[in-house]
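Bear in mind these aren't lab numbers, they're just calculated from the coordinates by the rules spelled out. This structure is a prediction, so every number in the text was calculated from the model and none was measured.
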């Protein structure tokens, strides 16, 4: 099946930067990871996705 294994989170929600906190509404059909943060240039992540949760945890560990 097409898209199997992808994180299908639906059309609503936000794309966020785990580095600086920038947030923008998700655009249906455009993966957040393909968009860059206008503030720091890092890839955006879908809020609530496994990638985002992992990045937030990593940032917390670094900041102590």
- Taking 0.36 nm per residue of separation between residue 61 and residue 40 and subtracting their Cα-Cα distance, the length gained on full extension comes to 5.5 nm
- Item | Extension reserve of the residue 51-residue 33 stretch, reckoned as 0.36 nm per residue once the Cα distance is removed | 5.5 nm
- Message: If I fit a long axis through the Cα atoms of helix 50-63 and take the longest principal axis of the Cα atoms of the chain, what angle between them do I get, 0 to 90°, rounded to 10?
- Response: 0 degrees
- From the square roots a ≥ b ≥ c of the eigenvalues of the alpha-carbon gyration tensor of the chain, which class results: rounded (a/c under 1.5), prolate (a/b over b/c), or oblate? oblate
